[in-house]
Structures are given as C-alpha cells and as structure tokens.
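Only the coordinates and a few stated rules stand behind these numbers; no lab work does. This structure is a prediction, so every number in the text was calculated from the model and none was measured. A quick note on method: Cβ atoms are made from the backbone with ideal geometry, for glycine too, and the neighbour counts reach across all protein chains shown.
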Amino acid sequence: MKEAVRQISEQYRLGLNEEEIQRIAQQAEEANVLFQQLFIDSIDGVMPLPIVARNR
Amino acid sequence: MTEKDLEGMTIAELAPQIRSKKLSPVELTELCLKRIGRLNPLLVAYTTVTEDLARAQAQAAESQIGRGDYLGPLHGMPISVKENICIQGVRTTAGSKTLAEWVPDHDATIVERIKKAGAVVLGKTNMHEWAAGGTTINPFYGTTRNPWDTSRVAAGSSGGSGAAVAASLCLASLGTDNGGSVRNPASVCGVVGLKPTFGRLSHFGGVDGSGGYSTDHFGILSKTVSDCSVVLQAIAGYDPKDPRCADEPVPDYAKFIGAPAKGLKIGLIENYFDDLMVRDVRTAFDRALDQLQALGAEVETVTIPHMELMSPVWACITRSENASAHVPYLKTRPRDYSPGLLSQIVSSMLIPAGTYMTAQRVRRLICDEFDEALSQVDVLLTPTSPMAAPTIEECKQGFVIADGKQISLRDTGVNFRSMGTAPFNVTGLPALSVCCGFTANGLPIGLQIVGRAFGEGTVLQVANAYEAATEWKHKRPSLS
C-alpha cells in the first residue's frame with residue numbers, strides 16, 4: 001500500500017514525506033478491512049444503483 | 001422590535017407583520033445585522049456577512065411590498081447560506097484554504113429561488129473544511145460554537161447554519177448534508193433540519209468536493225417545522241441544470257402543517273439504534289415515541305436485514321466520489337488542505353473500482369429493504385445524533401466518555417455521531433430532525449423522522465404534530 005501512496009504522491013506532485021506516506025497507507029489498509037464486509041453472497045445478480053437514486 | 005423579540009419569532013409569525021407593513025424588512029434586517037455584529041465574534045457562525053447585499057434586498061422588498069406586490073412568506077425574510085453554496089459575487093470557500101479567494105459568477109439554483117421569493121441574504125455560514133467532518137472546528141475560518149454552551153461544538157458540517165438559526169442570527173439557513181451535516185447541527189443546536197429526498201432540490205451551484213456526487217444533499221435549517229415547509233416550498237422542484245434533480249411534482253406543503261398524526265404508522269428499525277443512544281438521548285427518544293402514540297400514531301417494528309453494512313457502504317461510496325472531485329486541487333494546491341484531510345482524500349483514491357461497484361450493489365439491496373419497510377409504515381423514527389454536543393476539547397482529543405464508556409469520535413467508516421443520519425444519505429430518503437428534549441445539563445436532543453421517497457409532506461406532518469404537542473420550540477439559548 002505504501003508503494004501505491006508513493007506513486008500517487010509522484011503522479012500528483014504532492015510531495016508527501018515518509019511519515020505521511022506511512023499514515024495514509026495505514027488509513028487505506030484500515031478502510032479496506034472495513035470494505036471487505038461488502039463482499040457478501042446475497043448481491044449475486046444485484047445491479048449497482050445508478051447515481052439518480054430516486055428516479056430509477 | 002428588539003433583539004429579545006427576534007429570539008422568539010419565526011418566519012410564520014413575522015411574515016404576516018411584513019405583509020401588513022407593521023414590520024419593515026429594513027428594520028428586521030438591521031436587527032439581524034446588529035445581532036450578528038454583537039454575537040458572531042463569540043459564535044463564529046458567519047464567515048462573510050453580506051451587509052450591502054442584505055440592505056439592498058431589504059430596501060427592495062420594502063419598496064415592493066409598499067407597492068402592494070407581496071411575494072409570499074419569505075419576502076423580506078433574512079436567510080443565511082452555507083459556505084459551499086454559491087452566491088453570485090460573494091466569496092464561497094467551502095471552508096477551505098483552496099477556495100479562499102473564489103467568487104462565483106452565478107447563484108446556486110436554491111439561492112436564485114430564495115432571492116426570487118424575496119428573501120434577504122445575510123451572508124455565508126461557517127462549515128467544516130470541505131464538509132469533511134462533523135465539528136466545524138475549521139483551521140482557516142475558526143470554530144463555530146454552540147449557542148447553548150459555547151464550550152461545545154455546533155456539530156457539522158453546517159455548524160455555522162445551526163448556530164446562526166439557534167442564536168437568531170437569521171430566520172433560516174440553507175445547508176448541505178452528506179452524512180448528517182444539516183441534521184446533526186440542527187439536533188445539537190435545538191432547531192429543525194431537513195434533508196429532503198435525493199433529487200428533490202437542485203444541487204446546481206453546490207461546490208464539488210464537499211460531498212459525494214450521489215450522497216450529498218442540500219437542506220434547510222429553521223426554527224420550526226412550519227418555517228421549514230415555507231423554505232422548502234420556495235426551493236423545491238425540477239431544475240434542468242442539475243442532472244440529479246428529479247422531475248417530480250411539488251405538493252403544497254402548507255397542507256401538511258397542522259394535519260394530525262392520528263392513524264399514521266411509525267416504524268422503529270430493529271437492532272440498529274438501540275445500542276447507539278446514550279442514556280439522555282434514549283430517555284428523550286422514548287418520551288417522543290410516547291408523545292406520538294398519545295397523538296394517535298401507531299408503532300411497529302421493521303427490519304432492515306443489511307443495516308449493519310450501512311457504514312462501509314456510505315464510507316466507500318462517498319469517499320470514492322468525493323476524492324475524484326479533488327483531483328484538480330490536489331494537482332495544483334495539495335498543501336492547502338489540512339494534513340488530516342489530505343490523508344483522507346489520498347487514502348480514498350486507493351479504493352478499488354470493484355469495491356466501489358460492490359458498495360453500489362449493496363446499496364441497492366439496502367434501498368430495496370427500506371422501500372419494503374416504508375410500504376408497511378408511513379415514517380421511520382430514529383434518534384438524530386446519538387449524543388448531545390461534545391465539547392470542543394473532546395472533539396480535539398477524539399473521544400468522549402458517556403455512560404461510563406469511551407466513545408471514539410473518529411472512525412474508519414461512519415463517525416459515531418452520524419450513525420443515525422448517514423443511512424439516509426445512502427438511501428436518499430427524506431429525513432428531518434426536530435428537537436425532542438434536553439439533557440440534564442441543558443443541551444438539545446434531536447428526533448429524526450424519515451419518510452418515503454418524495455414524502456417530505458408526511459415527514460413535515462409528523463414533525464409538526466409532535467412539535468405542536470411539546471414545548472421545546474419555545475426554548476431559546478441564553479446569549480445576553
């Protein structure tokens with residue numbers, strides 16, 4: 001994950017230092033753990049919701 | 001009229017006086033400006049006060065009404081607008097350093113509509129940096145303080161709007177709500193906050209990057225439910241300038257004000273909110289439920305099987321969408337962000353596309369489950385914020401102690417304070433917060449009423465019936 005953050009930093013010329021890269025990578029990893037809950041069996045065949053949620 | 005009179009007055013009470021020319025819009029506007037001048041240094045509710053614009057609009061309203069051309073209940077009424085909603089010719093920062101000098105050349109559609117209704121625009125209200133948090137502790141424009149206890153936050157991100165309405169520094173305010181940013185400030189400031197259905201209001205003129213494209217909503221903060229209905233009437237409706245705006249007919253919301261709650265079915269969501277409320281909030285919520293039952297409403301329990309996935313769905317969708325809007329600013333001015341927000345945005349750029357799409361699929365499941373629940377009941381009832389306003393210091397340290405437990409105010413997903421509100425940014429359902437009591441130390445508590453898609457009328461009906469049966473709307477913070 002740190003490498004991915006480093007690449008974004010270079011691509012956008014963010015100039016992130018090592019401490020920032022470490023912190024952001026850790027945040028991204030924590031978020032990914034949370035998002036693993038989303039991969040559930042009961043969405044088989046379920047279409048994603050389009051952006052205009054209430055006009056669907 | 002004195003400042004003390006103004007504290008107790010609402011749009012519904014002032015409008016007839018303006019219409020009958022007993023009260024001058026100029027006098028009312030000057031009173032608000034005087035009050036802002038006195039209290040804003042303490043509360044930091046406004047970032048920009050548009051004195052010249054307000055005076056010109058008030059003068060124009062007075063002349064127009066003098067000629068017998070009365071436009072309706074917002075004519076001559078002083079209103080404020082959040083920092084991330086465009087007003088032509090007025091600096092619009094979104095609470096950021098990045099946009100510190102940006103002056104839009106256009107009005108947001110909802111601003112255009114309140115102007116057309118004759119409202120007087122008093123200025124821009126403070127907000128959390130880029131609306132990316134719920135404290136309105138803003139490193140660039142100051143910390144908005146809660147009028148009920150100035151050692152506490154006014155929540156956020158529309159904290160300035162909540163404080164301004166509660167302190168009578170305006171009669172109503174326009175805000176934005178991506179996870180509870182209208183309803184939480186309303187809850188902790190003891191005022192009414194409405195996030196209408198996604199698509200009910202045009203979002204044209206909202207600043208990109210201050211919410212997810214499919215989760216952010218414009219909303220209204222006001223002193224009473226009736227006032228909220230007046231503002232909603234003026235700003236609701238289709239706008240071809242926003243592709244997200246729905247071409248749905250706008251009902252006459254006044255018909256829902258004063259209508260009884262008797263016979264309406266109220267749903268309680270099983271196993272979600274019970275563990276969220278601190279003791280004072282639980283007590284107030286239970287009393288509000290009893291009150292609505294005493295008014296003749298029936299209560300049922302409903303089930304949302306995938307409710308526990310609300311936090312990752314909201315966080316994944318809103319962060320992915322929001323991060324994409326920041327790319328131009330990241331490329332040019334990355335160090336204009338506060339360090340914490342820069343980290344959050346960059347980490348959000350690492351969410352895989354497949355995860356985002358999966359979140360959108362789970363979102364459909366959840367929306368279908370809510371639609372099913374709302375086919376059984378007319379509205380859902382929840383607490384707005386699970387606790388009253390924390391202190392500024394508690395927000396800075398990142399946790400509070402409540403009921404003997406340490407509660408984190410930081411979270412990887414939905415922040416604890418937004419657990420009650422963010423579900424309705426995921427579903428897009430209309431949700432309103434109305435005051436339902438106070439803690440033992442005098443802090444307001446909010447009750448959230450949620451309706452069917454485009455069912456704002458029923459939400460207003462239940463909220464107004466509850467409000468009319470209680471005394472909470474008469475309580476005002478002491479700011480002498």
From phi via Karplus (6.51, -1.76, 1.60), per-residue ³J(HN,Hα) for the stretch B:67-83 in Hz, x at Gly/Pro: 7, x, 9, 8, 8, x, x, 8, 5, x, 8, x, 10, 10, 9, 5, 4
Sites B:Asp149 and B:Ile401 - FRET efficiency at Förster radius 22 Å, r taken between beta-carbons, to 0.05: 0.85
Per the Cauchy relation, a quarter of the hull surface: what is the mean projected area of the convex hull of the alpha carbons in the protein assembly as shown, in nm²? 22.7 nm²
Rounded to the angstrom and largest first, Cα extents along the principal axes for the stretch B:146-225 equal 34, 24, 17
Taking θ = phi - 60°, what integer Hz values does the Karplus form 6.51 cos²θ - 1.76 cosθ + 1.60 yield along the stretch B:361-373, in sequence order, with x for Gly and Pro? 6, 5, 4, 4, 4, 5, 4, 5, 5, 5, 4, 5, 4
Compute the length gained on full extension between B:Val250 and B:Arg38: take 0.36 nm times their separation in residues and subtract their Cα-Cα distance, giving the result in nm to one decimal. 72.4 nm
Quick check on my link table: of B:Lys34/B:Lys115; B:Lys115/B:Lys331; B:Lys115/B:Lys265; B:Lys195/B:Lys331; A:Lys2/B:Lys195; B:Lys34/B:Lys223, which ones sit more than 31 Å apart, alpha carbon to alpha carbon? B:Lys115/B:Lys331; B:Lys115/B:Lys265; B:Lys195/B:Lys331; A:Lys2/B:Lys195
Just in the stretch B:429-480: which GluC sites (Glu not before Pro) are loop by DSSP and have at most 11 other Cβ atoms within 10 Å? B:Glu471
Return B:Cys367, B:Cys395 ranked ascending by Cβ neighbour count within 10 Å, so the fewest neighbours appear first. B:Cys367, B:Cys395
Rg over Rh [alpha-carbon atoms, Kirkwood Rh] for the stretch B:1-114: 0.99
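Compare the peptides B:52-59, B:101-108 by average per-residue count of other Cβ atoms within 10 angstrom and give them in order, highest first.
B:52-59, B:101-108
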Residue-averaged beta-carbon neighbours from other chains (10 angstrom radius) around B:359-372: 4
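What does the net charge come to around A:Ile43 if you take all other residues with beta carbon closer than 13 Å to its beta carbon, with K and R at +1 and D and E at -1?
On the way: positive: B:Arg361, B:Arg363, B:Arg364; negative: A:Asp41, A:Asp44, B:Asp368, B:Glu369.
Spelling it out: positives minus negatives among the neighbours equals -1.
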Which trypsin sites (Lys or Arg not before Pro) does the stretch B:257-320 hold that lie in a coil by DSSP with at most 14 other beta carbons within 10 Å? B:Lys262
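Using the alpha carbon gyration tensor of chain B, what are the three equivalent-ellipsoid semi-axes (square root of 5 times each eigenvalue), largest first, in whole Å?
The three semi-axes for chain B are 30, 27, 22 Å.
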Return an integer: the convex hull volume of the alpha-carbon atoms of the stretch B:309-391, in Å³ per residue. 134 Å³
When a footprinting reagent is the concern and you count Cβ atoms within 10 Å, what order do B:Lys396, B:Lys473 take, fewest first? B:Lys396, B:Lys473
Give me the percent of DSSP beta bridges within the protein assembly as shown that run antiparallel, rounded to the nearest 5. 70 percent
Ratio of alpha-carbon Rg to the 2.2 N^0.38 Å globular estimate for the stretch B:189-245, to two decimals, please. 1.16
Specify the inter-centroid distance of the stretch A:6-54 and the stretch B:38-54, based on alpha-carbon positions, in whole Å. 38 Å
Computed over the Cα atoms, what is the radius of gyration of the stretch B:254-306 divided by 2.2 N^0.38 Å, N being its residue count? 1.32
Starting from the Cα of B:Glu393, step 7 Å along the direction of its Cβ; do the same at B:Ala353; then give the gap between the two resulting points in nm. 5.0 nm
Using the basic label-point model (7 angstrom from Cα toward the beta carbon), what is the A:Gln26 to B:Lys22 distance in nanometres? 6.3 nm
Spin-label pair B:Gln376/A:Phe39, simplified geometry with 7 Å Cα→Cβ offset, distance in nm: 3.3 nm
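How long are the three semi-axes of the equivalent ellipsoid of the stretch B:292-340, in whole Å, if each is the root of 5 times an eigenvalue of the C-alpha gyration tensor, listed from largest down?
42, 15, 9
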Roughly what % of Cα-Cα distances in the stretch B:213-352 sit above 25 Å, to the whole percent? 58 percent
Ranked by Cβ crowding within 10 angstrom, fewest neighbours first, how are B:Val207, B:Val377 ordered? B:Val377, B:Val207
Amide H within-cut-off set for B:Thr125, under 5 Å, with H built and near neighbours excluded: B:Thr47, B:Val81, B:Lys82, B:Glu83
Between the stretch B:77-123 and the stretch B:215-278, how far is it from one alpha carbon centroid to the other, in angstrom? 22 Å
Check: C-alpha center the stretch B:319-377 vs C-alpha center the stretch B:164-200, spacing in Å is 22 Å
